[in-house]
Amino acid sequence: MAVIITICIMMCFCISLFRKSPWKYILLVIYVIAHAALVSCSAVRYHPKLVFIAVAVCAAIVVLLGLFARFAPCDFTGCWVFVFLLCIVVLIMGIVAIFIPSFRIVYVSFGVLLFSIFIVIDLQMLIGGKTHKNQFDEEDFILAAMFLYSDIIFLFLFLLDLIGLIDS
């Protein structure tokens, strides 16, 4: 988790590193390996059947969100205030869920919603075009891939937690 947070901080403050040819690929590989370690440590707590269900549900959601992001008449790339408020709500709900375990299913459900919105925003920023307010530059393809990758990974982790809570 420390490697993921360090690279996320680097994305904010050292964005030029992600545009230079050898460094962007090195940082991408480190980022993917760190996420793989995080996912494997989380998935080992669940029955394999639940992990496969979470993978299938996550894949279906990502495909449907991709179709929605491509063909939706509305632009989600300018909704950062709404997304920021939802992040604050999920953070507060996560803190409350520590002390009230029965509240955890609501927290995880909102986490799934939050990362679904992140996926739509990132896909619309990748697609770009005249109808979207914000978009990635052509040289920011590594950053775009890292954003989308982390959104999908965290969606999977929230789905796995939700399926695990429903199953128990």
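The values are calculated or read from the model by the stated rules, or taken from the named source; none is laboratory data. Bear in mind that the values here come from a model prediction, so they are computed numbers and not experimental data. In this analysis, Cβ positions are derived from the backbone assuming ideal geometry, glycine residues included, and neighbour counts consider all displayed protein chains. We work out accessible area using only protein heavy atoms, side chains counted, and drop any ligands, DNA or RNA first. Shrake-Rupley method; radii C 1.70, N 1.55, O 1.52, S 1.80 Å.
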I'd like the residue in the range 42-56 that is outside any helix (DSSP H, G or I) and open to solvent by 50 Å² or more (accessible area, probe 1.4 Å) and, out of all such residues, is farthest from Gly164 (Cα to Cα).
Val44
Exactly one condition in (1) at pLDDT 85 or above; (2) open to solvent by less than 80 Å² (accessible area, probe 1.4 Å); (3) not hydroxyl-bearing (Ser, Thr, Tyr) is false for Asp140; which is it?
(1)
Consider only pairs whose beta carbons are under 9 Å apart and that are at least six residues apart or on different chains; among these, list those whose first residue lies in the range 101-128 and is in contact (Cβ under 8 Å) with a residue 40 or more places away in the chain and whose second residue is among the small types (Gly, Ala, Ser) and outside any helix (DSSP H, G or I).
Val120/Ala72; Gln124/Ala72
Candidates Val39, Val96, filtered to the one that is exposed (fewer than 14 other Cβ atoms within 10 Å of the Cβ), at pLDDT 90 or above and closer than 20 Å to Ile166 by Cα
Val96
Within the range 1-26, restricting attention to residues that are assigned to a helix (DSSP H, G or I) and among the charged types (D, E, K, R), which residue is least open to solvent (accessible area, probe 1.4 Å)?
Lys24
Inspect all residues belonging to the range 36-50 and state whether any of them is touching a residue at least 12 places away in the same chain (Cβ under 8 Å), of a type in the set (Lys, Arg) and under 19 Å from Ser150 (Cα atoms).
no
Find the residue count for the range 57-80, including only residues that are of a type in the set (A, V, I, L, M), open to solvent by 40 Å² or more (accessible area, probe 1.4 Å) and either touching a Ser or Thr at 6+ places or on another chain (Cβ under 6 Å) or more than 14 Å from Leu114 (Cβ to Cβ) (or both).
6
Hey, Ile121 modelled with pLDDT under 95, under 19 Å from the mean Cα position of the chain (by Cα) and of a type in the set (Val, Ile, Thr) or not
yes
